[in-house]
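The values are calculated or read from the model by the stated rules, or taken from the named source; none is laboratory data. Not measured: the values here are computed from a predicted model. Ideal geometry is used to build each Cβ from the backbone, glycine not excepted, and the neighbour counts take in all protein chains shown. Accessible surface is based on the protein model in full, side chains and every heavy atom, while ligands, DNA and RNA are left aside. Shrake-Rupley method; radii C 1.70, N 1.55, O 1.52, S 1.80 Å.
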Amino acid sequence: MSETSQNHLRNIAIIAHVDHGKTTLVDAMLRHTKTKGAGGEGALIMDSMDLEREKGITIRAKNASLRYMQAGTGEEYKINIVDTPGHADFGGEVERTLRMVDGALLLIDAKDGPMPQTRFVLRKALELGIPIVVVVNKIDRADSQIDDVVNRTFDLFVSLSASSKQLDFPIVYTSGLKGTATLDLKKTGTDIAPLFEIIVSHVPPPAVNPGEPLQVLVLALAYDPFLGKMGIGKIQAGTLRRNQPVLRMGAEGFRQQSNAAALFVYQGLERVQTDEVDCGEIVAIAGFSEINIGETITDPDRPRQLPTIVIEQPTLKMTFAVNKSPFAGKEGKYVTSRMLRDRLMKELETNVALRVAETDSADTFLVSGRGELHLAILIETMRREGYEFEVSQPEVVFHEEAGGKQEPFEALEIDAPSEYQGVVIEELGQRRGELQRMDPSETGDFHFEYRISMRGLLGLKGALLKKTRGNASIHHVFDGYGPMVQDLNTQESHGSLVSTDDGMSSAYAITYIQERGELFVGPGVPVYQGMVVGQANRDMDVDVNVCKTKKLTNVRNSTGETTIVLTPPREFTLELALEYIGPDELLEVTPKSLRVRKRVADSKLRLRARREAP
């Protein structure tokens, strides 16, 4: 089989840890080439979702393209860029993205160096044999440690069993914020052009087979209001023309023939329609009313199916159910079981790492994902779309193997001030974490590396942030399955302050209740029986009447004018709420509110259930 190459084309991915400047660097590249749609300095063009802009992370892989003109030769290159997620919970996006590209930029912070998510994505890229260009970003930081970062990066390649060719990687030093790059630290960069030169010289053009039958592996989906669903992938063999007969090949011998109704390629940040697409190009194809990720689009006369993608299995599961609280239907737009089911099934079309299964109850669904953040992003997205529902405590997904039960483990990194060194070691010891490395930094902080089971990891973030007064920085990534850890308390025990009445919370009642624990609500908040209004000081539930008001009389007493001092309630984010809820609690999710409640609202019935429990 003869192979030719399109020398003018480069397909690259940009992979990095969360908050290492990946999206900012892509925006600088778009601005340098005067790509249409590029914003001003500091505009995060590639972060299109509201959640991405708020959290500062990339969740969904996106495509863009730019044209770079070499200053010396005058040759023009088209560079297709895919901005990939930087978190392991979105590994499904990462694995699909890397199959569309022929090279990758590994972006590393000049201070932090390689981090857990860097290791996760780099492992995937090295397994696929993709050439890597190392980009050390934020070199203008005053606390940068460039030499140490480069050495740690080389050690990371070695630990991942990189080949000798992969170890000979080029290094580009950049400042994405300033839009400059240099190959020599002794020379200050003036623009981002040196990075483009390395991409052109080090990343190979796509290896193509134009004379062979058409082969496109669908790796992403898009939707057009006029053309419907479209499959996105790289043309690995053959060429594609508009209205050309094509065959869709799926799992278990499924076949469907149609015509390529429309073809789109990327120009800048937009998809533009075209009549013909050459081999090696990333294309969006319309023409099938239903198309799924992992399917092959090929020539109907000479069909050749490509191997489907294998996505790592989920590690956490939880139930999504119709909201059954007393406040059900008051704040949401979509509240029925049919609406909830349709939305979850729609998510499966593009979120390949997600699993949804129906249960014995018609209004409850079992949803499995790659981690807490993966599930939290889905919940937050649905919440913003107007859905109202309730979710249960996350549970670990176990595997049964010949050697016994296996559970998922995570590689955990923690940075905390030296005065909290003992707190971190004590907390991780209770959770059966294995200390791999502990180093002091130049700033006086301590850097810890642990291997810990996912059961031990649940609830860790909230516990450490509380014990270190918010000074701990925590990152973790999936590190494979291992033998189940014995004698592990799977959930940190906590007691809740539970409302016994329906009504409106009052400052008078909160004044006395706040002595019993930390409250989640302030005065003037609607509450109902069984709703969790705070965390108790003791490891047992405490029933409280948060609606109690002061009795009015005609008698004036000496304490009547006492000033009420209230402690501000704890800010309850979605991630912290998912960590907090216990096995007998549910999280009520609406577009306006997050409320924790007991599965059984009546305190007498809860007490009876505890007594009858073995």
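Principal semi-axes of the equivalent ellipsoid, √(5λ) from the alpha carbon gyration tensor of the range 361-509, are 30, 25, 16 Å from largest down. Both radii come from the Cα set of the range 163-304: Rg as radius of gyration, Rh as Kirkwood radius; their ratio Rg/Rh reads 1.11.
With one equal scatterer per alpha carbon and no solvent term, the Debye-computed log10 I(q)/I(0) for the range 102-157 at 0.16, 0.20 1/Å reads -0.45, -0.68.
For the chain, the 222 nm mean residue ellipticity estimated from helices alone, with every DSSP H stretch of n ≥ 4 adding -39500 (n - 2.57) and the total spread over all residues, rounds to -6500 deg cm²/dmol.
What number, in nm² with one decimal, is the all-direction average of the projected area of the convex hull of the alpha-carbon atoms of the range 477-535?
On the way: hull surface 26.8 nm².
Over every viewing direction, the Cα hull of the range 477-535 projects on average to 6.7 nm².
Considering every alpha-carbon pair of the range 242-291, the percent of pairs per 5 Å bin, from zero through the bin containing the longest distance, is 5, 19, 26, 22, 16, 9, 3, 1. Across the range 223-232, computed HN-Hα scalar couplings (Karplus, 6.51 cos²θ - 1.76 cosθ + 1.60, θ = phi - 60°) run 10, 10, x, 9, 9, x, 6, 10, x, 10 Hz from first to last residue, x flagging Gly and Pro.
For the range 133-199, the Cα gyration tensor yields ellipsoid semi-axes of 22, 15, 8 Å (square root of five times each eigenvalue, largest first, whole Å).
Taking the inverse of the average 1/r across all pairs of different Cα atoms in the range 323-431, what Kirkwood radius in Å do you get? All intermediate terms of the calculation are to be shown ahead of the outcome.
Details: mean 1/r = 0.0585 Å⁻¹.
By the Kirkwood definition, the hydrodynamic radius is 17.1 Å.
Give me the dipole magnitude in Debye, nearest 20, for the chain about the Cα centre, with unit charges on the beta carbon: positive for Lys and Arg, negative for Asp and Glu. Kindly include the intermediate steps, with their values, before the conclusion.
Details: 72 positive and 86 negative charges, 300 e Å.
Roughly 1440 debye for the chain.
Of the Cα atoms belonging to the range 215-273, the radius of gyration and Dmax stand at 12.1, 38 Å. Quick one: in the range 69-218, what % of C-alpha pairs are over 22 Å apart? For the range 69-218, the fraction of Cα-Cα distances above 22 Å is 45 percent. Report, in degrees rounded to the nearest 10, the 0 to 90 angle that the Cα long axis of helix 116-127 makes with the longest principal axis of the chain. Relative to the chain, helix 116-127 is tipped by roughly 30 degrees. In whole percent, how big is the carbon plus sulfur part of the accessible area of the range 210-359, probe 1.4 Å, protein atoms only? Carbon with sulfur: 47 percent of the solvent-accessible area. On the principal axes of its alpha carbon atoms, the range 338-380 extends 26, 18, 17 Å, with the longest extent given first. The angle between the Cα long axis of helix 146-159 and the main principal axis of the chain comes to about 80°, on a 0 to 90 degree scale.
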